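To keep things clear, I will list the structure first and then write my remarks on it.
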Amino acid sequence: MDAALHRADRIAWDPVARPGGKSISRVAVLVTGLTAVSTLLGFLRDVVIAAVFGAGAELDAYLVAQGLMNIVLGLVAYAMARSATPAVSREAAAEDNGCKGHTGFDVAFTLTMVVLGIGGVVMAIFAGPVASLLAPGFDAETTAAAATLTRIVLVATVLVAGTDLLAALAQSHGRFAWASLQGVPFNLIMIAAAGLFGPRYGIAALAVGFVVGSGARLLLQLPPLRSLGTRVRPRLQLKDPGFREIAVLVPAMLVGSAVGNVNTLVDRAVGSTLEEGAITALSYGWRLVNLPEQLLIASLLVPLYPAISASVRDLTELRRLVNRGLSVTVTILVPLCVVLAVAAEPLVEVAFGRGAFSPEDIEATATAVLWYAPALLALGIRQVVVSTAYALGDARAPVVISVLAMVVNVVGDILLAPVMGVAGIALATSASLVLAAVANAWLLRSRHDGVNLREAFVLLLRAALLAAVAGAVGVVLASLVAGPALMTSVVVVFGVCGTYALGLVVLRAPEGRVPLDMLRAARRR
């Protein structure tokens, strides 16, 4: 009886074949490895930028300029790419003798380029007034700098949009490697722009580097499409069935994308009323917190999203994939959340504490990291359940929840920032993401029976128990280590993660086997 149960449990956790004949686990390991190179280079980029510019008014202006560009990008490009994936994935799964083309995708691509081209021009014209509106705490000089930088980075709008759409097309056909490496040329160019040209030309070097790097990212999406024989042609056949399927998801996706960007813009608007460098501290704090999600969980979802999209008619398989995604997310992110909370200041010092990045900048950024830490787990869980809802064609529920979470974030910013400063803005973000994760999971269960809430609750309860024990160990170790920040960080990381892993073994938790299953799958031929 025990042996039979063990075999059944192993079957439940084994990976299944996905597009291209590869398992989710195998592709996830591949994507994670490739993404690691891009992500670590991205982190090095931020380290160089922090060392050259510090957390001051110049970098605050650049970050606001990026936010203005993201209004255009977020409203169209990301939403269109996400909307296209389910339809193109199903079309790709039905192909027998190579790619025959995707008319609906071609129409979506053409419309996106046209809309973003027009939107970019309009945004450039009104960059000054919009910068004043979105950063009311800036002085006249910083506002003018933000407007100038906005006009430069807006050139990259169509480049970034094209990258997102072409990467989604390749991923729908099971081609993940090139998209995972797109950050390599971009980050190398940005590092050169900051390190070589920043000291001479100032913050404008970053904006120009952003445009050049975005062009390099776009070029990297062409090889996989060429190998597939896929050609994207300009089309405006708005009545095409494939495009109509994509278009059904777009409005809700647009709202969802806009909500995310509004949160960031409000955070920066309120941050502009705090001390100089607050926007940079928030941005770099979030960058450090979000690094594990980008490196690990987002990499998992690259193959998981098309797989779920192709399995929507098989509820048992869909729930298995969702359970697998949640298990990996919780198992990896919970101990990292604990590490970020316990060792926020030494981690920030190791990451950014050099050059123009002062001790005061380190302290402010560490405060943001501490209060952002709970958001890491919430973001990972939300990614899994929202991706599943989108694959099922249900974008309305996630959007409604996103709007509610946005209200929580905005109200929290306004109420908490005057009292807590940077910590208040970070806390508001964490609270909104936790709300979004819980509500989306509940609606996925109630509307589609797409997640087993009992299993999810047991998973989180076990994780909370182990996190408490691992956190106590981390606090003790941090208090005992009197060495440099690097030593403290290493000791806390190994202490917390080792304790958490040992707890999984002692409790015989099934999710403890998921990373091992992924590694075994990656070695299979």
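Centre-to-centre, using Cα atoms only, the stretch 488-511 and the stretch 136-185 are separated by 37 Å. When the solvent-accessible area of the chain is split by element, carbon and sulfur atoms take up 67 percent of it, the probe being 1.4 Å.
Here the peptides 452-459, 386-393 are ranked by packing, the mean other Cβ count within 10 Å, and the order with the highest first is 386-393, 452-459.
For TYR78, the solvent-accessible surface computed with a 1.4 Å probe is close to 110 Å², ligands and nucleic acids excluded. These residues, LEU40, LEU282, LEU133, go from largest to smallest accessible area, 1.4 Å probe, as LEU133, LEU40, LEU282.
Each distinct pair of alpha carbons in the stretch 92-181 adds a 1/r term; the inverse of their mean, the Kirkwood radius, is 15.7 Å.
Hey, what did the chain get for relative contact order, percent, Cα under 8 Å, at least 6 apart?
22 percent
Per residue, how much accessible area does the chain have with a 1.4 Å probe, in Å²?
Here the per-residue accessible area is 42 Å².
Is the C-alpha gyration tensor of the stretch 402-458 telling us rounded, prolate or oblate? Criteria: a/c under 1.5 is rounded; beyond that, a/b larger than b/c is prolate, otherwise oblate. It is prolate, given that a/c is not under 1.5 and a/b is the larger ratio.
At full extension, THR103 and ASN290 could sit 63.7 nm farther apart than now, given 0.36 nm per residue minus the alpha carbon distance. Figure note: TRP286, TRP442 ranked by solvent-accessible area, largest first, 1.4 Å probe, ligands and nucleic acids not counted: TRP442, TRP286. Packing here is the average count of other Cβ atoms within 10 Å per residue, and on that basis the peptides 418-431, 139-152, highest first, run 418-431, 139-152. The fraction of Cα-Cα pairs per 10 angstrom bin, counted from 0 for the chain, comes to 4, 18, 30, 28, 16, 4, 0, 0 percent, rounded to whole percents. Protection proxy ranking, highest mean first, for peptides 115-126, 82-93: 82-93, 115-126, where packing is the per-residue count of other beta-carbon atoms within 10 Å, averaged.
Of the two radii for the stretch 71-130, the radius of gyration is 1.17 times the Kirkwood radius, both from the alpha carbons; that is the Rg over Rh value.
Taking a ≥ b ≥ c as the square roots of the eigenvalues of the Cα gyration tensor, an a/c ratio of 1.5 or more together with a/b no larger than b/c marks the stretch 391-512 as oblate. Seen through its C-alpha gyration tensor, with square-root eigenvalues sorted a ≥ b ≥ c, the stretch 140-245 comes out oblate because a/c lies at 1.5 or above while a/b is not bigger than b/c.
The values are calculated or read from the model by the stated rules, or taken from the named source; none is laboratory data. None of these values were measured; they are calculated from a predicted model. Reconstructed Cβ throughout: ideal geometry from the backbone, glycine too, with neighbour counts over all protein chains shown. What goes into the accessible areas is simple: the full protein's heavy atoms, side chains included, and nothing from ligands, DNA or RNA. Shrake-Rupley method; radii C 1.70, N 1.55, O 1.52, S 1.80 Å.
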